[in-house]
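Structure first, commentary second.
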Amino acid sequence: AWSDGKAGKYRDVWESWATDKADTIQKAIGHVPGVNTVELIHMIGRDCLEAWDNGQASNGALR
């Protein structure tokens, strides 16, 4: 689960970084109509961290 294991520890770091860097990120990817860049970055981060966390769990690293 998202809140379990190591991924939960990185979520806040990722989200604060993404919030701080939102303007830079938006300039880099361009404006996407109807998309909140910060929310998009948070979503990507959550998906990546969750997948990583699940991979760690299935490898037995968190057990």
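For the range 5-58, what is the largest minus smallest coordinate of the Cα atoms on each principal axis, given in angstrom and ordered from greatest to least?
Extents along the principal axes: 37, 18, 15 Å.
Given Cα pairs under 8 Å that are at least 6 residues apart, what percent is the relative contact order of the range 5-58?
Reported as a whole number, the value is 56 percent.
What length, rounded to one decimal in nm, is gained on full extension from Asp12 through to Glu50, with 0.36 nm per residue of separation minus their alpha-carbon distance? Please list the in-between numbers first.
Values: separation 38, 0.36 × 38 = 13.68 nm, distance 1.32 nm.
Value of the extension gain: 12.4 nm.
Obtain the nm distance between the two label points defined at Val32 and Asp20 by a simple spin-label model: each point lies 7 Å from its Cα along the Cα-to-C-beta direction.
Once both label points are built, they end up 2.3 nm from each other.
No lab work stands behind these numbers, since they all come straight from the coordinates. Predicted, not measured: the structure shown is a model, and the values here were computed from it. Cβ atoms come from the backbone with ideal geometry, glycine included; neighbour counts cover every protein chain shown.
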